[in-house]
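Structure record follows, encoded as structure tokens.
The values are calculated or read from the model by the stated rules, or taken from the named source; none is laboratory data. In this text the structure is predicted, and so the values were computed from the model without any measurement. When we count neighbours, we look across all protein chains shown, and the Cβ atoms used for this are built from the backbone with ideal geometry, even at glycine.
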Amino acid sequence: MLEVHNLSGSYGSKNIFSDISFKVEKGKILGILGPNGCGKSTLLKVISGIMPPSGGKVIIDGADLNEYSPRQLAKKMTILPQLSASSFSNTVRETVSIGRYPHQSGFFSSWQEEDEKAVKKAMRQTGVEKYEEHTIDHLSGGEQQRVFIAQALAQASNLLLLDEPTNHLDIAHQKQILDMIRKEVMQNGLTVVSVFHDINLAALYCDELLLMENGRVKAFGAPHEVLLTEQIMDVYHARISLQAHPEQPKPQMTILPDLQEQQEKMITDNSFSIQQEYVAFRSAFPLRVLSSAVHNAGLGWYSTFINRTVEPQYDIENVKEEFWQYIIEQGFSPTNTIGMMTAVDTGNAVLKKYETDFGEVFVVVTAGVGSAVDVSQSYKRKNVFKVGTINTWVVINGKLSDEAFVQAMMTATEAKSKALAHEEVIDRISNTIATGTPTDSLLIAATQQGQYFQYGGPITEVGQIIGRGVFEATVEAIQIYKKGDS
């Protein structure tokens, strides 16, 4: 659909960009990224024909840009520049209708039903129907932006060039506009080239990205090929971290500030309290946590953990809602608290502290093994004999990488299974050694202060402490449970 060959652009003697080449297939979105002043907007102007190139050429549908008359080009391509103040007081409808000009034999002299439908559809898609009779100059910047996007859509060309289309828009309207553009791309084969400042939006909605630096192409390809941590930090001169989007196979970026607190943060024995109703951990600062808890599972930052005792017959349809209310009733913040539950007496929780060269590590375990199961034989199990759960906390005065968090979970799980083997806990269905219970929960937390650990496996310093601590605490907790259950 669009081919750019060795394109260069300049203002007089000042070169803005040089030797840019890429290709965009029909029905794809290309996002152009780069820091301020790298030439993104100028590149778009040259591609659109607003500015002549100082070198190279632009091919649209197999023909050179210069071969099209202005009206022919307007049918092929629509350009939406950055929003600027309107010097006219046209109504919204009039403004959107201008997009149909390339389809007229004279200015509005041949208005057809097709034109009317295109204008109404564009206003509906962008949510500006209610402003139809309002003048542009009485709208906010975000509302004006949506009107001009509607004008571009009404033009109904096959190629849409956008310069920061979500500028001035709140997140709801950003999503609305980009969802709508993506739908047009997928369903009607629209081809889009858009400049973005928001790297995350570009990664989420674009098929390919072009990263520019100092007027040249730094990288071109799929989002996961362009958005590489070191590459983005090098181009933007900012520390960032990349993670996967929770629903789409697209990378997302988080900015890492250089400002660091000077106060050293440490966890001590005073952070833990063991009661019959629950075990609680309270910190004056949030820890980074990876957990399989009932409440606030996953990876996040939290300063409170609780492991509450519930009745063996606990049967609540909406567990998450009930737990939320319970946390509030206990005086905790539901958005700042990790929550687990067990049917055993939390007053019997085992808390162990381990002194290390890098700081103290704490392990807390509550264990009920009445429903212990051998995971390799669990497919044979149709029911559970008794309520029983092994809940484990590991709290580390140290800094863990993402790999270390995951490996620490594996190390702790292996140590728990070893403890069940040591105590000869049997799966009563398969009559084999159990590896856990059906409802175990595990939490790894780190202060993210002090010594850094890239890995958390059993041969690492931190992994060895986790393995030992979880094994010893789990053995002791199982022994306590057996005494109470006998």
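Some points to look at:
- Here Lys320 passes the criteria (1) under 22 Å from Val365 (Cβ atoms); (2) under 27 Å from the mean Cα position of the chain (by Cα); (3) not polar (S, T, N, Q) except the one numbered (1).
- The criterion of at least 3 residues that are closer than 24 Å to Tyr236 by Cβ and under 21 Å from the mean Cα position of the chain (by Cα) is met, among strands (runs of 3 or more DSSP E) falling completely within the range 107-221, by 208-213.
- Of all residue pairs spaced 6 or more apart or on separate chains, those with beta-carbon atoms under 9 Å, a first member in the range 421-435 that is over 21 Å from Val470 (Cβ atoms) and a second member that is of a type in the set (Lys, Arg) and outside any loop (DSSP other than H, G, I, E, B) are Ile429/Lys380; Ser430/Lys380.
- The sole residue among Ala172, Ala150 that is modelled with pLDDT under 95, in contact with a helix residue (DSSP H, G or I) (Cβ under 9 Å, 6 or more places away or on another chain) and among the small types (Gly, Ala, Ser) is Ala150.
Here's the yes/no breakdown for (1) under 27 Å from Gly49 (Cα atoms); (2) surrounded by 22 or more Cβ atoms within 10 Å (Cβ to Cβ); (3) not assigned by TED's automatic domain parsing to the domain that holds Asp61:
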{"site": "Asp115", "(1), (2), (3)": "yes, no, no"}
{"site": "Lys121", "(1), (2), (3)": "no, no, no"}
{"site": "Glu132", "(1), (2), (3)": "no, no, no"}
{"site": "Leu153", "(1), (2), (3)": "yes, yes, no"}
{"site": "Leu162", "(1), (2), (3)": "yes, yes, no"}
{"site": "Ile171", "(1), (2), (3)": "no, no, no"}
{"site": "Val185", "(1), (2), (3)": "yes, no, no"}
{"site": "Val192", "(1), (2), (3)": "yes, yes, no"}
{"site": "His197", "(1), (2), (3)": "yes, no, no"}
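- Taking residues in the range 230-257 that are within 20 Å of Cys38 (Cβ to Cβ), and partners anywhere that are exposed (fewer than 12 other Cβ atoms within 10 Å of the Cβ) and not aliphatic (A, V, I, L, M), the pairs with Cβ atoms closer than 9 Å and at least 6 places apart or on different chains are Ala238/Asp258; Arg239/Pro257; Arg239/Asp258; Ile240/Thr254; Met253/Gln243.
- Top-ranked residue of the range 440-480 - restricted to ones that are under 28 Å from the mean Cα position of the chain (by Cα) and among the hydroxyl-bearing types (Ser, Thr, Tyr), ranked as nearest to Arg308 (Cα to Cα): Ser441
- Residue check for Val279: in contact with a Leu (Cβ under 9 Å, 6 or more places away or on another chain) and touching a residue at least 40 places away in the same chain (Cβ under 8 Å): yes
- Residue in the range 406-439 that is modelled with the lowest pLDDT, counting only those that are outside any strand (DSSP E or B), closer than 17 Å to Tyr379 by Cα and not β-branched (Val, Ile, Thr): Arg428
- From Leu227, Leu211, residue being without any contact (Cβ under 8 Å) to a residue 40 or more places away in the chain, touching a helix residue (DSSP H, G or I) at 6+ places or on another chain (Cβ under 7 Å) and crowded, with 21+ Cβ neighbours inside 10 Å: Leu227
- Just one of (1) free of Cβ contacts under 8 Å to residues at least 40 places away in the same chain; (2) under 27 Å from Thr135 (Cα atoms); (3) in a strand (DSSP E or B) fails for Lys23. It is (2).
- With respect to the conditions (1) loosely packed, with under 12 Cβ neighbours inside 10 Å; (2) of a type outside the set (S, T, N, Q); (3) in contact with a Leu (Cβ under 9 Å, 6 or more places away or on another chain), Trp301 lacks only one, and its number is (1).
- Qualifying residue in the range 457-464 (condition: among the charged types (D, E, K, R), in contact (Cβ under 8 Å) with a residue 60 or more places away in the chain and touching an Asp or Glu at 6+ places or on another chain (Cβ under 9 Å)): yes
- Taken as a whole, the structure places Asp485 among residues that are in contact (Cβ under 8 Å) with a residue 24 or more places away in the chain, under 28 Å from Asp315 (Cα atoms), out of contact with any helix residue (DSSP H, G or I) (no Cβ under 8 Å at 6 or more places or on another chain) and of a type in the set (D, E, K, R).
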